[in-house]
Structures are given as C-alpha cells and as structure tokens.
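Chemist: Sending over a structure as structure tokens; questions will come in a sec.
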Amino acid sequence: METVKELVQFMQPNQRLDLKAVALTHVLGLTGSAEGKSAILSLDDMLMAIFGLTFDGNQTVAKDAVLSLINLTAEEEGAIKVFQLAKQLQPPFAIVEVAAKEITNEQSDLADPWSMVLSNLTRVESLVHEILDTLEKDDQTLPRLAKAFAQLDYNKKKAKLHYLAPIFCNLTQVSRGRELCCHRKYQLLEKLLPFASFDGSVVRRGGTIGILKNVCFDTVYHDVILNEQSSILVAILQPLCGPEEFSDEDNELLPIELQYLPESKTREEDPDLRKMLLECLLQLCSTRRSREILRSRGVYEILREYHKWEAKVAKDSDCLLACENVVDILIKKEEEIGLDNYKTEVEVPAEQSEKFVQEDAAYVKTLLD
C-alpha cells in the first residue's frame, strides 16, 4: 500500500513527463489484478491523480489514465466508488460529461476507451438515473451519442464505438431509459435497430439486442413494437431467420423484409443472443392482442424453421427451450389460453415452477439425443 501511495506524487499534472508515464504505467498494471484495484480504490488521492491525467497533453499518458479507469470500474463496487468520488470533488470531475464529450468528438483518440468507462458506469442500475440526468442536461447529447453509434465512420481516428450499444442497453434497464429510447423526440430506437444483425461486432450486436429485450419486457411499448410501420419486430426476427424457402401462403404472412431471403442468409451465431431474441418474442406473447399480431406476421412459421435448425445444427438446449416456450403459446387458440394478459393474470407457485423447469430440461434433452 505504501508503495502505491508513493506513486501519487509522480502523477501530478506539473510532474516531469517521464515520471508521470512510468508511474501511470505501473498503476495501470496494478489495475489488472483484484488486489491492485482494491489498493487503488482505497486511495482517494490516487483516483484524483488518475482523473487529472485523463486531461494530460501527452496522448499516451491520457490514454493510460482512461484505461486505468476502465479496469477500476469493471466491477460494481469500483464503478460506484469512482462515480461518487468524481462527484464529491471540488470542483467535481464531470466523468459522464467528459466521457460523452470524448465519444461524440469526431477527432478524439480516446473515444473507445471512454465509451468503455461509460459502459461500466451505466451497468450499475443504481447510477443510471443520475447518469441520465447528466446526459439530458444538454438536449443534444443523446442525439449526438446516437449519431456516433449509427454512423460507422463517425470517428475520424478510427474508433469503432461499439460500446455505445451496451451503454444504451444499460440505460434501458430503467423505465426512464426505455422511455427516452422510444421517445419520438430522439428516435433512438430507430437509429439503433439495424445493428441487431451487425456482423462486425458481437458487442454492438449484443448491446442492440439487449435494448430490444429491455423494451420488450415493458408492456407499455408493445403497441409501438408491433405497429405495422415499425421495424422493431423485423429486427427481432431477422437474426433468427435462415435461408429456408417458404410456401407462397406462408410468405404472405411474413413482413416484406423477411420474404425470399437469399441462400447466403445465416442465423445469429451466438446462442446467448439467440436466446435473448426468443425472450423478446415470449414477452410480446403476454397479451392476446400481441399474440394475434405475432401469428398474423408469420412468427410461428419462422420459429418452426428455426426450431428445426437449432435441434439439428446449433443444438443449444437453452435456445431450444426458449423457442418451445414461444411456439407453445402461438400454436394455441385464444380460447384454450383463456387469458388476456399472462403477466398480470398468472402466478405460478415456486414448487410448480421448479417442476416445470425439470420437465422442460428433460424434454429438450430428448430433442438433442
């Protein structure tokens, strides 16, 4: 601990560049271990020194300072400590504003590492409301972040900005974030949708699918999602589609964008993301009106082919079960279901729930054997 404390004196803005660089390199190395992170997080003076060096005129020093913050905020405890200390300083270290400014600066060399810091901070649900307060102070910040995300060549220094997807996903953990994402004022969701099928990055793709999942869990937005003019349902279904040909009768049910897909069409390769997409559909099955719309849009037909592929090719048991859960609802007539809203009208006892889980697991095993 004493050795770590001694480094602080070499990490001051007016210190010699070589001393700053060596000290910070050592600190960055320490943030790679749990013990090192714990030691640094216990020293407010050290964190303050790291904050200050993110503004250093030397790009390498500034980058190492931001990389240190990425590691220090990787777990919830560290993220909360960094966020709270930054806020308490006089003057405060405006960590969210700094991150947003760097991310939306087309010429920033540090846009990617700052996006990872903000992604770590927004992952902590208890911080999201304060972060949203900050992002909304200037009504141009969220649109700029969305533009930076949606425009692949936005950053002229070749930053990828993939971590903007998890940032937006994390913000939609709370109802206010979902409201902002779906609000006509920002049109954030429309800008993010195409990346649910983005081949270039599983981080960008996964974050986008996470946004869709969070929005689908809120029945308030089901009408928005299933609106005929909306592309949200297409964005959910497209990664689950393969190159299979449908009959003319089945094709007429499908959204136009999903009809006659090319032979080269592949499905989402990540099983966790496939499962999230299927969970989106399950949430959309919660009300009678939504179920009827899903049936009329050919969702069952798409899942019928998807189920064959998952059972024979990908063979992920969790995905198979998630698919079965949706199909079981869609193939039933509403008279059989007898409920308008699964979420508000069904309460399953804990012992029955555990029994269902065991039965489902046994059933899926028979499909894969």
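The values are calculated or read from the model by the stated rules, or taken from the named source; none is laboratory data. The structure displayed is predicted, hence computed values, not measured ones. For neighbour counting, all protein chains shown are included, and Cβ atoms are generated from backbone atoms with ideal geometry for every residue, glycine included. These accessible areas exclude ligands, DNA and RNA; they are computed on the full protein's heavy atoms, side chains included. Shrake-Rupley method; radii C 1.70, N 1.55, O 1.52, S 1.80 Å.
Chemist: Among the residues of the stretch 97-131, which ones are open to solvent by less than 10 Å² (accessible area, probe 1.4 Å) and within 19 Å of E75 (Cα to Cα)?
Modeler: Scanning the stretch 97-131 gives A99, W114, S115, V117, L118, S119, L121, T122, V124, L127, V128, I131.
Chemist: Restricting attention to the stretch 261-294, which residues are of a type outside the set (A, V, I, L, M), in contact with a helix residue (DSSP H, G or I) (Cβ under 7 Å, 6 or more places away or on another chain) and either under 25 Å from V203 (Cα atoms) or assigned to a loop (DSSP other than H, G, I, E, B) (or both)? If you could, list the steps in order and put the result at the bottom.
Modeler: If we filter the stretch 261-294 for residues that are of a type outside the set (A, V, I, L, M), which is where we start, we get 262-272, 274-275, 279-280, 283, 285-292.
From the residues that got through so far, the ones that are in contact with a helix residue (DSSP H, G or I) (Cβ under 7 Å, 6 or more places away or on another chain) too are 267-268, 270-271, 274-275, 279-280, 283, 285-288, 290-291.
Selection gives R267, E268, D270, P271, R274, K275, E279, C280, Q283, C285, S286.
Chemist: Moving on. Scanning for something without any contact (Cβ under 8 Å) to a residue 24 or more places away in the chain, in a helix (DSSP H, G or I) and over 16 Å from G210 (Cβ atoms), does the stretch 162-180 turn up at least one residue? I'd like the intermediate steps shown before the answer.
Modeler: Let us first name the residues in the stretch 162-180 that are without any contact (Cβ under 8 Å) to a residue 24 or more places away in the chain, namely 179.
The next check asks that each one be in a helix (DSSP H, G or I); those that pass are 179.
Going one step further and asking which of them are over 16 Å from G210 (Cβ atoms), we end up with 179.
For the stretch 162-180, residues without any contact (Cβ under 8 Å) to a residue 24 or more places away in the chain, in a helix (DSSP H, G or I) and over 16 Å from G210 (Cβ atoms): present.
Chemist: Moving on. Could you tell me how many of the residues in the stretch 295-317 are among the charged types (D, E, K, R), part of a helix (DSSP H, G or I) and touching a residue at least 40 places away in the same chain (Cβ under 8 Å)?
Modeler: Step one: filter the stretch 295-317 for residues among the charged types (D, E, K, R), giving 295, 297, 301, 304-305, 308, 310, 312, 315-316.
Adding the requirement that they be part of a helix (DSSP H, G or I) leaves 295, 301, 304-305, 308, 310, 312.
Checking which are touching a residue at least 40 places away in the same chain (Cβ under 8 Å) leaves us with 301, 305.
Of the residues in the stretch 295-317, 2 are among the charged types (D, E, K, R), part of a helix (DSSP H, G or I) and touching a residue at least 40 places away in the same chain (Cβ under 8 Å).
Chemist: Between F168, F195, which is under 16 Å from S119 (Cα atoms) and at pLDDT 95 or above?
Modeler: Details: F195 fails: under 16 Å from S119 (Cα atoms).
Just one listed residue meets the conditions, F168.
Chemist: Here are the criteria: (1) of a type outside the set (K, R); (2) open to solvent by 30 Å² or more (accessible area, probe 1.4 Å); (3) in contact (Cβ under 8 Å) with a residue 24 or more places away in the chain; (4) under 13 Å from I103 (Cα atoms). Tell me which single one Q151 does not satisfy.
Modeler: Every condition holds for Q151 apart from (3).
Chemist: Return the residue satisfying two criteria in turn: it lies in the stretch 16-39 and is within 20 Å of K81 (Cβ to Cβ) and hydrophobic (A, V, I, L, M, F, W, C), and of such residues it is surrounded by the fewest Cβ atoms within 10 Å (Cβ to Cβ).
Modeler: A34
Chemist: Against the definition (out of contact with any Lys or Arg (no Cβ under 8 Å at 6 or more places or on another chain) and either of a type in the set (D, E, K, R) or open to solvent by less than 10 Å² (accessible area, probe 1.4 Å) (or both)), how does S42 come out, yes or no? I'd like the intermediate steps shown before the answer.
Modeler: Working: out of contact with any Lys or Arg (no Cβ under 8 Å at 6 or more places or on another chain): yes; either of a type in the set (D, E, K, R) or open to solvent by less than 10 Å² (accessible area, probe 1.4 Å) (or both): no.
Answer is no for this residue.
Chemist: Determine which member of the set T141, T134, T73 is of a type in the set (S, T, Y), crowded, with 23+ Cβ neighbours inside 10 Å, farther than 26 Å from D223 by Cα and over 16 Å from the mean Cα position of the chain (by Cα).
Modeler: Working: T141 fails: crowded, with 23+ Cβ neighbours inside 10 Å; T134 fails: crowded, with 23+ Cβ neighbours inside 10 Å.
Only one candidate passes the filter, namely T73.
Chemist: Assuming M46 fulfils every condition listed in (1) free of Cβ contacts under 8 Å to residues at least 12 places away in the same chain; (2) over 27 Å from Q140 (Cα atoms) apart from one, which condition is it?
Modeler: Evaluating M46 over (1) free of Cβ contacts under 8 Å to residues at least 12 places away in the same chain; (2) over 27 Å from Q140 (Cα atoms) leaves (1) as the failure.
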